[in-house]
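The values are calculated or read from the model by the stated rules, or taken from the named source; none is laboratory data. Here the structure is a predicted model, which is why all the values come from computation and not from measurement. Here Cβ is always computed from backbone atoms with ideal geometry, including for glycine, and neighbour counts include all displayed protein chains. Note: accessible area is taken over every heavy atom of the protein model, side chains too, but ligands, DNA and RNA are not part of it. Shrake-Rupley method; radii C 1.70, N 1.55, O 1.52, S 1.80 Å.
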Amino acid sequence: MHPLQCVLQAQRCLRWGPLTSVSWLLLRTCRAHSGVRSSAGPSPERRQEDGVWKDFSSRLATGPTFQHFLRSASVPQEKPSTPDVEDPPPYLTVDDLLGRQRKVYLETYGCQMNVNDTEIAWSILQKSGYLRTSNLQEADVVLLVTCSIREKAEQTIWNRLHQLKSLKSKRLRSRVPLRIGILGCMAERLKEEILNREKTVDILAGPDAYRDLPRLLAVAESGQKAANVLLSMDETYADVLPVQMSPSATSAFVSIMRGCDNMCSYCVVPFTRGRERSRPVASILEEVRKLSEQGLKEVTLLGQNVNSFRDNSEVQFNNAVSTNLSRGFSTNYKAKQGGLRFAYLLDQVSRIDPEMRIRFTSPHPKDFPDEVLQLIHERDNICKQIHLPAQSGSSRVLEAMRRGYSREAYVELIHHIRESIPGVSLSSDFIAGFCGETEEDHLQTVSLLQEVQYNTGFLFAYSMRQKTRAYHRLKDDIPEEVKLRRLEELITVFREEATKANKTFVGCTQLVLVEGLSKRSATDLYGRNDGNLKVIFPDVAMEDVTNPGLRVQAQPGDYVLVKITSASSQTLKGHVLCRTTLKDSAAYC
Ligand code: 5AD
Ligand code: SF4
């Protein structure tokens, strides 16, 4: 059997039982039908480890039985905190799962979710005894956390794999062989293609399979390839505390939900990251409390559809209260009911530490009921910043995209948000050149950019993705040069409008959370205002409001008031007035 069939077969098994057992079956099946076995085997230099390897191989050959799979299928879904160590599959011992001080080099591509996934993957590997390195040359394991959202993102990974291939082949024979893994969306989307096309890849782990990394690496140790690309209905890594990359960071990301049920017609995310599921509120609050105790000053709640949050983990949360959508918005799925919703979570999170700023990304415009808007308005530490991905300014294109709203409903929501949260900062995502987009449609997007005047924007040329509805039903009929020309036009208009919007801050005083030294000038500091705009100001001594008479130099994590003197489409500049606290300060114009 082809290795890929192993993957597919295991996916079919998914309907019967929990994932962990399925993934074990996956490896067992792959082993039994060869094809995945690498010709490599252990290097001569590893002969001293041969005893271990042979022992391991023979155990692998007598791997789990179908009975074992069935037995595992009845294990409750609750995950132990160190599952890999406590419950290894029968063909591996606890020792096989240990990292034995192997050095792991992690490289992250794509969105903030991937940064968070990298921290989760590292947390799991660290517990298994791996060490982290930031020096590629000394790595024993290289893991790429990948993105599939656009063709270009994937091309970057293919190019990187080429470079890693040569690193692998030049590796000194006195060292353990270099193992290379693809994690995340691209592993999920391309499974077979990666294994076939890039012999250099040893392991694949989809976004829901990071707990399995120690086992996958243990199998790769023996010279075999290992893959787990199974998607889960309930994996949220709730009990895995991500390890912050930078110990000096002032802010952290906290994943609150994963996956997406929206099925926008252009988007591959529902296929790579699976169904929408939320992490229990209690575990989120616990993580935020810990971050507050560590002195972090900003938390960004993360999810593919962060404001669609719905904690159904306890029976008592599952009442029949129906979901309030934003006015004029609909969903592509059957209405969901009950659960603890985003407004509840936001309220609870913002109460933990009044000095901690709360942000969230990325929301969907359909899930902005009044209770969420009101809370953002009322609570000092919830940033008045909303990302409202529009994707297009043409109702016709929005329908083809299956976004669940018209231009009119979107604009009405913008007005409603601005009335509810005066001074709110707005940002958006747009796609240029979607299937069937006419020049008139494009001009409507231009006019939406002018009408709304976003502070920040993320603009992309459409990239056809397999599996999506657009791939199956629509034609990618806008020539590349037209897509790029339209994209350029959108970027130009967006910059003009953002400059205008940001110039309204000139003369205002902004509360800035200091992040560090400016990258462009050693005499300047930078931080972010409430609206998440970068603010640059000279690093000079200032008064400390809580200690009158004391002159201080701002440090990362301090709140300072900055009087804005100039603005561009991306940054504000000004001079610092004083150090303060979030509670004591009020940014003003
Ligand atoms: N092509 C171009 N852009 C895309 N996005 C999602 N899918 C595609 C695609 N196939 C953009 C959307 C989304 C952002 C994260 O990426 O604007 O909001
Ligand atoms: Fe993709 Fe739409 Fe889901 Fe966002 S909401 S992740 S664009 S399918």
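Protein heavy-atom surface of segment 368-423, 1.4 angstrom probe: 47% of the accessible area is carbon and sulfur, with nucleic acids and ligands not counted. Cα to Cα, under 28 Å, and not fewer than 8 places away if on the same chain: which lysines meet these conditions relative to K573? Filter leaves K297, K384, K500, K503, K519, K534, K563, K583.
How much length is gained if the chain between S330 and K199 is pulled fully straight, taking 0.36 nm per residue apart and subtracting their Cα-Cα distance, in nm to one decimal?
42.7 nm
Across q = 0.11, 0.12, 0.17 Å⁻¹, segment 266-377 modelled as identical point scatterers on its alpha-carbon atoms has Debye log10 I(q)/I(0) values of -0.38, -0.45, -0.89, in the order of the q list. Work out the FRET efficiency for S134 and L98 from their Cβ-Cβ distance, taking R0 = 22 Å, and round it to the nearest 0.05. Step by step, r from the Cβ atoms, then E = 0.50. As an exercise, use a Förster radius of 22 Å and the Cβ-Cβ distance of H575 and T499 to find the FRET efficiency, rounded to the nearest 0.05. Efficiency at R0 = 22 Å is approximately 0.60.
In the context of the full set of protein chains, segment 486-550 has a per residue accessible area of 47 Å² (1.4 Å probe).
Protein-only accessible surface at a 1.4 angstrom probe places the residues F494, F434 in the order F494, F434, largest first.
Computed on protein heavy atoms with a 1.4 Å probe, the accessible areas place L231, L164 in the order L231, L164, largest first. As a calculated quantity, the FRET efficiency between E481 and N159 at R0 = 25 Å, using C-beta atoms, amounts to about 0.60.
Taking a straight line from the alpha carbon of K199, these lysines sit under 22 Å away, with near neighbours fewer than eight places off in the same chain left out: K103, K152, K165, K168, K170, K191, K225. Toward the positive end of the charge dipole of segment 387-445, with +1 on the Cβ of Lys and Arg and -1 on the Cβ of Asp and Glu, the farthest Cα among L426, T445, A400 is that of L426. Distance from a point 7 Å along Cα→Cβ of F458 to each backbone N in segment 339-360: keep the residues under 20 Å and list them by number. Hits in segment 339-360 for F458 at 20 Å: 358-360. In the assembled protein chains, R402 presents an accessible area of approximately 70 Å² (probe radius 1.4 Å).
Within the accessible area of segment 474-567, the carbon and sulfur atoms contribute 54%, probe 1.4 Å, all protein chains present. Of the trypsin sites (Lys or Arg not before Pro) found in segment 238-296, the ones in coil according to DSSP and having at most 16 other Cβ atoms within 10 Å of their Cβ are R275. Comparing segment 295-335 with the 2.2 N^0.38 Å rule of thumb, its C-alpha radius of gyration ratio is 1.57 (two decimals).
What translational diffusion coefficient, to the nearest whole µm²/s, does segment 390-504 have by Stokes-Einstein, given a Kirkwood radius computed over alpha-carbon pairs, a temperature of 20 °C and 1.002 mPa s viscosity?
On the way: Rh = 14.6 Å.
D = 147 µm²/s.
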